[in-house]
Ligand SMILES: [Zn+2]
């Protein structure tokens, strides 16, 4: 019996004697096995702290590449991403709601793009719900309304950076996931509720909310996209759930003129831009988005665009005719023809004449050849049914010029010099238009 027992059964505490050489050989073999069989190769034999320390020397863009090298590497980086060291590594200087130099702004936006890529790749196997939760945690930090110390939202780039981050994460998601993202973020940030209040109130009655809604949707969803089709997708998500009159209101809220952190709702009904630069500032953005929807918006019919443009130019009151002409001029001849063609079909000759005379004035102010307007007049005439209508249309234009000159003479309250300039513009517009029309009818160049 005794002979069958080993020594360890008799002396439980006795350490088995082994040579150092044997121990190190065994250790080397274990390492070799771990390196060979382990999913992280040489990384396997390092303690976790050392692995994290090594990761902290890797640039963020390379880290994001590593996350797609293997599932285990991704898991390791995911755990690392949550450590305090990683926070300093991923963003050495936390983004604050302060005004900063252009150079710093560019650095931060670039950094957020890299972070977006890391987030996108490291969470690629998560459910949409979990990914959205992470994105939302990010957003809550960068909403200017949530920040106690955001004193200058106009120049603060927190939401711009977040927009860059968001669109990098969303790149390649399908439409259903994008719609879900839009709804979740709009609703949870209370911005959708805010929009509801804005469109159901008088324009300008809550300027602060209006301005914050504009910054939110422009910076988070619209301005940081890289493809035109993406911009169209997001603006369609913002506008389509509302009736046409509210869509027009929201388009003006997002792209209309702004001054001193307030949307200039009534300016378009009272004043005209003094020069080409002001006209571009005032109507350039809104014209660009309308043109984009008209030429490339698959969910937008021609009638939709014409109706929304009609609503925009009659809200909050009817715009001054010259401002309607400025907007149409910047929308380009294709859209202008569609809008005016629809008025011609509906027999709105007086309105057409008023826009034509204003377009002549805009052409003079913009230094654009009058052939731009005469070509439109020619096309509109061809839409009108009878020669009587065509004759009436031309008479209306001439009469409108006359009325504009009389109004300018009788009601002008500007200083003499300004009034003289306005007179000059109208007279030039009238004579250039008539010269061009005569040259067309006689077939001779002027
Ligand atoms: Zn801010």
Fill in: Residue satisfying condition, being outside the structural domain of residue 236 (by TED's automatic domain parsing) and either away from the ligand (no atom under 16 Å from the Cβ) or loosely packed, with under 13 Cβ neighbours inside 10 Å (or both), within set 169, 199
169
Discussion item. Out of everything in segment 142-162 that is touching a residue at least 24 places away in the same chain (Cβ under 8 Å) and over 17 Å from residue 211 (Cα atoms), what residue ends up being nearest to the ligand (Cβ to nearest atom)?
Written reply: 149
Item to complete: Looking only at segment 111-125, decide whether some residue is touching a residue at least 24 places away in the same chain (Cβ under 8 Å), closer than 29 Å to residue 260 by Cα and more than 12 Å from the ligand (Cβ to nearest atom).
Response: yes
Discussion item. Given the condition more than 29 Å from the chain's Cα centre (by Cα) and either more than 20 Å from residue 399 (Cβ to Cβ) or surrounded by fewer than 15 Cβ atoms within 10 Å (Cβ to Cβ) (or both), answer yes or no: does some residue in segment 359-367 qualify?
Written reply: yes
Discussion item. Residues to consider are 103, 180; find the one that is in a helix (DSSP H, G or I), closer than 22 Å to residue 213 by Cα and away from the ligand (no atom under 16 Å from the Cβ).
Written reply: 180
Discussion item. Every residue in segment 217-245 that is buried (at least 19 other Cβ atoms within 10 Å of the Cβ) and farther than 26 Å from residue 140 by Cβ, please.
Written reply: 232
Discussion item. Regarding segment 330-337, can at least one residue be identified that is under 20 Å from residue 290 (Cα atoms) and assigned to a loop (DSSP other than H, G, I, E, B)?
Written reply: yes
Practice prompt. Take residue 79 and decide whether it is away from the ligand (no atom under 16 Å from the Cβ), outside the structural domain of residue 222 (by TED's automatic domain parsing) and out of contact with any helix residue (DSSP H, G or I) (no Cβ under 8 Å at 6 or more places or on another chain).
Written response: yes
Fill in: Residues located in segment 132-141, provided they are away from the ligand (no atom under 16 Å from the Cβ) and closer than 24 Å to residue 58 by Cα
134, 135
Worksheet, complete the sentence: segment 222-285: helices (runs of 4 or more DSSP H) wholly inside it with 3 or more residues that are over 20 Å from the mean Cα position of the chain (by Cα) and either touching a residue at least 24 places away in the same chain (Cβ under 8 Å) or within 17 Å of residue 191 (Cα to Cα) (or both) are 267-270
Worksheet item: Do any helices (runs of 4 or more DSSP H) entirely within segment 346-420 hold 2 or more residues that are closer than 22 Å to residue 309 by Cα, touching a helix residue (DSSP H, G or I) at 6+ places or on another chain (Cβ under 6 Å) and at pLDDT 90 or above, and if so, which?
Response: 349-366, 371-383
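The values are calculated or read from the model by the stated rules, or taken from the named source; none is laboratory data. Quick caveat, the model's predicted, so the values are computed rather than measured. Cβ sites come from the backbone with ideal geometry, for glycine too, and all protein chains shown count toward neighbours.
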